Amino acid sequence: MTRATATPASASARVWPLYAGGFLGPYGSTMVTPMLHEVARGLDSTESAVAAAVTAYMLPFAGLMLVSGTLAERWGRRRTMQISLVVFVLASAWCALAPDLLWFLAGRAVQGATNAFTTPLLVAAIGDLVPRERLGRALGWFGAMQAAGQAFSPLVSGLSATVDWRLAFAFPALVALVLAALPPGEEAAARRASGKPSWRALLSGQLALACALSFLCYLAAVGLTVLGTLRAQEVFGLGPAERGLVSASFGVAGILAAGSLGRWLDRLGPQAVGLVMNVLLAAGVLLAAFAGFAGLLVTGIVLAGAAVTGLRSTVNSLAVTSAPDNRGGASSVALSFQFFGGALAPAVWVPLYQSADSWGFAAGALAPVLAIILLAARRDPLGAGPR
């Protein structure tokens, strides 16, 4: 694949719209967590049953991303994103109008499936447009928009739930509608189907490591956000709006840290940044697990939010440099493992938390510890593939 040449100013002008598209995926994944109680009451169900809405979104999101990037490279990025965004709008309406839990979970599954065809293509387009020496910063800003999605998701959902939880689905539907009318990064996304991107290009040790780091990161991070919300209600007695603010601190921390983390990634490389961010993530989980007051819970969530933004940028950098001839495919595979980890998190950590309280919560730190071991064992240079 031949990359278009561009001056830094023109490349920047084309990359900025791509950042905005990174908002929807994380927004959709976490939007239900601060209003589990309200949705359960509205659908005549239980909180533990409604928690499956996270898994219902993430499983199709993750599963389709194993193939969505390569398929979209062949079909054409721009057309694929536009169709997916329109279907996301319809799926959001489906969730808002759902008469019972089964219909609600089905709507969440469709939301996840449509976003599988947007997020990885945006990462791939950034990889096409930005020179290696500035790729970390670009992916850092993309991570900031993903963090913004996580920050605004619980905040908007929590505030909406104080009136009617169904209103929470109006905002992401509106964002998707605007992006569908004005597709992000038109020049970068307008590749026509060529049939050239291959599956064989994805057989890379570097991509395999990116997938493992991605999985472990979200296994811990989603567990932290779900358990943090439950702990905020059960231990500290916070209402839906307050729980939304607590969850939002995760994304706000990511937004504030994104610029610096991107510069560190360019300067230090993915291995060093990955090691430090996993240490920070483990510390955040442990702090939140044993917090004796709400402020300490928020501090742990803030530490983890900054760490996850750094890890997102690290994983995306490893993925897009692992397969230059199929960036969309590499990005989508790495992201699929991220959301497989997120989908599994409630099923793993909620029962542990219910049976072992703080120690069950703290078990989430095992995921970043395993990631540290994988990174420390890697001897060859990371992110050094051809651009």
Neighbour cut-off at most 15 other Cβ (10 Å), DSSP loop, chymotrypsin sites (Phe, Trp or Tyr not before Pro), the range 260-297: Phe290, Phe293
Return the single residue from Asp325, Asp100, Asp128 with maximal mean-square fluctuation; model: Gaussian network over the chain, springs between Cα atoms under 10 Å. Asp100
With springs only between Cα atoms under 10 Å, which of Arg134, Arg77, Arg108 fluctuates most in a Gaussian network model of the chain? Arg134
Determine, for each peptide in 158-165, 254-261, the mean count of other beta carbons within 10 angstrom over its residues, then list the peptides with the highest first. 254-261, 158-165
Write down the Å³ per residue value for the convex hull defined by the alpha carbon atoms of the range 248-355. 108
Expected output is a single nm value to one decimal: the length gained when fully extending between Phe293 and Trp75, i.e. 0.36 nm times separation in residues minus the C-alpha distance. What is it? 73.3 nm
Cα-based helix-to-principal-axis angle, 170-181 vs the chain, degrees rounded to 10: 10
All-pairs Cα distance distribution in the chain, expressed in whole percent, bin size 10 Å: 6, 26, 36, 23, 8, 1
Counting only residues 5 or more places away or on other chains, whose amide H sits under 5 Å from the amide H of Gly76 once H atoms are built in the peptide plane? Ala193
Using Cα centres only, tell me the gap between the range 261-284 and the range 39-88 in whole Å. 29
Treating the angle as unsigned and between 0 and 90°, give the value, to the nearest 10°, between the Cα long axis of helix 8-21 and the longest Cα principal axis of the chain. 30
Between the Cα axis of helix 119-129 and the main Cα principal axis of the chain, the angle (0 to 90°, nearest 10) is 30
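Quick note: the coordinates plus some simple rules give every number you see, no bench work behind them. Source: prediction; values computed, not measured. Every residue, glycine as well, gets a Cβ built from its backbone with ideal geometry; the counts of neighbours run over all protein chains shown.
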